[in-house]
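Report on the following structure.
The values are calculated or read from the model by the stated rules, or taken from the named source; none is laboratory data. Everything numeric in this text was worked out from a predicted model, so none of it was measured. Cβ placement follows ideal geometry from the backbone for every residue including glycine, while neighbour counts extend to all protein chains displayed. Ligands, DNA and RNA are stripped out before the accessible areas are found, and what is left, the full protein with its side chains, is counted by its heavy atoms. Shrake-Rupley method; radii C 1.70, N 1.55, O 1.52, S 1.80 Å.
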Amino acid sequence: MDQLTELVSKANSFIWGLYCLIPLLCGTGLYFTVRLNFVQIRKFGLAFKYTFGKLTLFGERAGKDGMSSFQALATAIAAQVGTGNLAGAATAIAIGGPGAIFWMWIAAFFGMATIFAEAVLAQTYKQKAADGHVVGGPAYYISEGLHSRGLAVFFSVAIIMALGFIGNMVQSNSIADAFNNAFGVNKLLVGVCVAAVGGFVFFGGMGRIASLTEKIVPIMAAGYLIGGLFILFRFSAHIIPAFGMVFEGAFDPAAATGGLIGATMKEAIRYGVARGLFSNEAGMGSTPHAHAVAKVKYPAEQGFVAIMGVFVDTFLVLNMTAFVIFVTGAIDGKTSGIALTQKAFEIGLGGFGLPFVAVCMLFFAFSTIIGWYFFGEQNIRFLFGKSGLLPYRVVVMLFIVLGATLKLNLVWELADFFNGIMVFPNLLALIGLSKVVSKALDNFDDQGRLKADVK
């Protein structure tokens, strides 16, 4: 097992290194940022309006024809806000130092433009399956837009492995660890319970998934942010120094912690960008599956909503974890992952800290399991049609149980590996279809000007 972990880790060092995915993902984000004239800044107010203007916890039930724009966003955020925001952020800090958070910010800023492009293409190339269900995602815009069935099949297989199977092992592993540390609950029992509840949602189809995510996502995010804000208020004198640690650590990691963490700038960049992208998923090709089924008039509308998803995930939730760790002084050079986050909240909330993080991890990770299951389901439909759904649901549940009992290092390394290989075909499609994205944004702007002229 240790040899396998080491082998996968070496592969990830290259895939997620400074000469592979990091420049490709950030470069793609930079490309779309420039090409779309900084859409994530120009349209931020509009994105906020489209996202929260019609927010409701009890929207119309989703069906074969798709779900509301907010339900689609909630499903996307359910996938984005997970272990990457709790365990992943802490791991990046423990290995890359406080400066890793700076590089998370950079990746997220450019990722907003990338995810806009993904959502637009998902809307543009969505289809109706033989059973009447709306389907979409990278496999569809790769197949129909790039006219490459082979590349689309490769992506579908990769994302089913990356998220539906291996990724959900990560979520289950983190839930089991958190509950074992906080309450001493047997990890296998936790895995069985999570799989059982997950199965109940899986077999309820799109309607049950949308109904759950539109309720659980706003509540869990608000609860976590309130808990974190309470700690920041208690340790408010340390907030400004924490920002100093982030900026200093981005370029001189050892100085930011007095040598407590022997990180280099290379490690700060690698772990910051890798964990940040694992969290917000911009460019990975996962969230477009949710945005594809949104019922909107113009593809660009869902693109704006997708921008807000990255903002909520990284600049609100992930930042809250990071700054709670900083202001409480939880960094010790030894603790990492969910244990570091729990330590920080225990300092900030006392005896309530451990159970608070455990409960948050349950909701964050479980919602991600639901989102990632749905992304995999869209690709099962692409490959096998409706007939593949039953075996897929059963296998996902088995992987959830298995993930609860495995060692954390191997699960994380496998997740990074499969997340990495699915990115390549998606980025190729984004760049190859960039004219379609630009045209969709122009069409939206033209319609806006036309309405203004009529008035």
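Couple of notes before you dig in:
- Total residues in the stretch 44-56, condition within 19 Å of the chain's Cα centre (by Cα) and not in a helix (DSSP H, G or I): 0
- Among residues of the stretch 286-334, those that are part of a helix (DSSP H, G or I), of a type in the set (A, V, I, L, M, F, W, C) and open to solvent by 10 Å² or more (accessible area, probe 1.4 Å), counted: 7
- Test: residue in the stretch 221-234 that is without any contact (Cβ under 8 Å) to a residue 40 or more places away in the chain, over 25 Å from THR114 (Cβ atoms) and under 20 Å from the mean Cα position of the chain (by Cα): yes
- Just one of (1) within 30 Å of PHE233 (Cβ to Cβ); (2) over 20 Å from the mean Cα position of the chain (by Cα); (3) open to solvent by less than 30 Å² (accessible area, probe 1.4 Å) fails for PHE382. It is (1).
- Identification of helices (runs of 4 or more DSSP H) wholly contained in the stretch 60-135 with 1 or more residues that are polar (S, T, N, Q), within 23 Å of ALA306 (Cβ to Cβ) and in contact (Cβ under 8 Å) with a residue 12 or more places away in the chain yields 69-80, 99-124.
- The condition of being modelled with pLDDT of 90 or more, under 30 Å from MET67 (Cα atoms), within 14 Å of the chain's Cα centre (by Cα) and not acidic (Asp, Glu) holds for only one of ALA294, ALA300, ALA306, that being ALA306.
- Set LEU121, LEU146: member being open to solvent by less than 20 Å² (accessible area, probe 1.4 Å), closer than 21 Å to SER438 by Cα, over 18 Å from the mean Cα position of the chain (by Cα) and at pLDDT 90 or above: LEU121
- Scanning the stretch 385-411 for residues that are touching a Leu at 6+ places or on another chain (Cβ under 8 Å) and either open to solvent by 70 Å² or more (accessible area, probe 1.4 Å) or hydroxyl-bearing (Ser, Thr, Tyr) (or both) yields a single hit, THR405.
- Every condition in (1) without any contact (Cβ under 8 Å) to a residue 12 or more places away in the chain; (2) farther than 23 Å from ALA100 by Cα holds for LYS334 except the one numbered (2).
- Residue in the stretch 223-233 that is closer than 25 Å to ILE166 by Cα, at pLDDT 80 or above and open to solvent by 10 Å² or more (accessible area, probe 1.4 Å) present: no
- Scope the stretch 194-222; condition open to solvent by less than 30 Å² (accessible area, probe 1.4 Å) and closer than 30 Å to GLY351 by Cα; matching residues: VAL194, ALA195, GLY198, THR213, ILE216, VAL217, MET220, ALA221
- Lone qualifier among LEU441, LEU427 - being farther than 17 Å from LEU163 by Cα, crowded, with 19+ Cβ neighbours inside 10 Å and touching a Ser or Thr at 6+ places or on another chain (Cβ under 9 Å): LEU427
- Just one of the listed residues (GLY351, GLY385, GLY371) is on the phi > 0 side of the Ramachandran plot and assigned to a helix (DSSP H, G or I), namely GLY385.
- The condition of being in contact with a His (Cβ under 9 Å, 6 or more places away or on another chain) and surrounded by 23 or more Cβ atoms within 10 Å (Cβ to Cβ) holds for only one of GLY136, GLY191, that being GLY136.
- Residue check for VAL192: modelled with pLDDT of 90 or more, within 21 Å of the chain's Cα centre (by Cα) and of a type in the set (A, V, I, L, M, F, W, C): no
- Filtered by the rule that a residue be open to solvent by 90 Å² or more (accessible area, probe 1.4 Å), in a helix (DSSP H, G or I) and of a type in the set (Phe, Trp, Tyr), the stretch 5-43 gives a lone residue, PHE14.
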